[in-house]
Amino acid sequence: RLQGDWSSDVCSSDLMNGAEMMKQVFDGNKGVNVQMGAKKPMDASELMDIKMQIDMMVEGNYEKYGAKAVLKGIGKVDEEEAYVMEVTKQTGDVATDYYSLKTGLKLMSTTTEGEGAEAVLAETRYTEYGTANVADGKKTRSLKYPSKFTQVARSEEHTSELQSPCNLVCRLLL
């Protein structure tokens with residue numbers, strides 16, 4: 001479950017059979033990872049990742065995070081044509097994002113976690129979008145955000161459903 005106001009004070013917990021296995025807490029400046037009761041402060045890379053994850057306008061703010069995006073061409077996600085964007089983070093980690101030609105919404109993101117024989121492809125598929133009203137100076141406008149997505153890495157599938165931009169409910173499917 002992820003709670004917070006999306007700019008600071010974020011708490012994310014992974015539960016298995018009701019027991020908390022892992023937790024992340026971020027206050028907008030510093031954070032801590034808790035796994036099986038052991039606490040470890042987040043390093044600079046983890047802090048940058050969580051800041052990017054909670055930024056609802058991250059694609060427009062890559063420069064702020066030291067990331068670069070390059071259009072690689074047009075590909076397909078299932079049968080839907082998509083723009084293929086390669087995003088290189090400040091750490092050198094690379095993600096490939098796929099945006100629908102028809103709607104402009106993100107369909108999928110892939111990353112490689114680890115190196116060499118330990119490397120694992122992680123895939124996130126965005127299956128549903130919600131709408132939030134965002135104040136922009138004197139105007140209020142609607143913003144689409146992923147409200148349901150599935151992440152697959154190794155043999156684990158992790159489905160998350162966003163009830164509102166401030167309330168994320170996660171379920172681990174084994």
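The values are calculated or read from the model by the stated rules, or taken from the named source; none is laboratory data. Predicted model only: the values in this text are computed from it and were never measured. Reconstructed Cβ throughout: ideal geometry from the backbone, glycine too, with neighbour counts over all protein chains shown. Accessible surface is based on the protein model in full, side chains and every heavy atom, while ligands, DNA and RNA are left aside. Shrake-Rupley method; radii C 1.70, N 1.55, O 1.52, S 1.80 Å.
T112 fulfils the conditions (1) farther than 23 Å from S147 by Cβ; (2) open to solvent by less than 40 Å² (accessible area, probe 1.4 Å); (3) of a type in the set (S, T, N, Q) except for a single criterion, (2). Considering region 121-174, and only residues there that are at pLDDT 65 or above, aliphatic (A, V, I, L, M) and open to solvent by 40 Å² or more (accessible area, probe 1.4 Å), the residue that is farthest from T103 (Cα to Cα) turns out to be L121. Residues of region 31-49 that are open to solvent by less than 50 Å² (accessible area, probe 1.4 Å) and either assigned to a strand (DSSP E or B) or over 21 Å from K89 (Cβ atoms) (or both): G31, V32, N33, V34.
There is no residue in region 50-63 that is open to solvent by 90 Å² or more (accessible area, probe 1.4 Å) and either in a strand (DSSP E or B) or at pLDDT 95 or above (or both).
Note on region 82-99: among residues that are touching a strand residue (DSSP E or B) at 6+ places or on another chain (Cβ under 6 Å) and among the acidic types (D, E), the one that is surrounded by the fewest Cβ atoms within 10 Å (Cβ to Cβ) is E86. Applying the condition of being assigned to a loop (DSSP other than H, G, I, E, B) and among the β-branched types (V, I, T) to region 64-104 and asking which residue is farthest from T124 (Cα to Cα) yields T91. When L107 is tested against the conditions (1) farther than 19 Å from K89 by Cβ; (2) of a type in the set (A, V, I, L, M, F, W, C); (3) open to solvent by less than 70 Å² (accessible area, probe 1.4 Å); (4) modelled with pLDDT under 85, the lone failure is (4).
Screening A132 against (1) in contact with a Gly (Cβ under 6 Å, 6 or more places away or on another chain); (2) touching a residue at least 24 places away in the same chain (Cβ under 8 Å) leaves a single unmet condition, (1).
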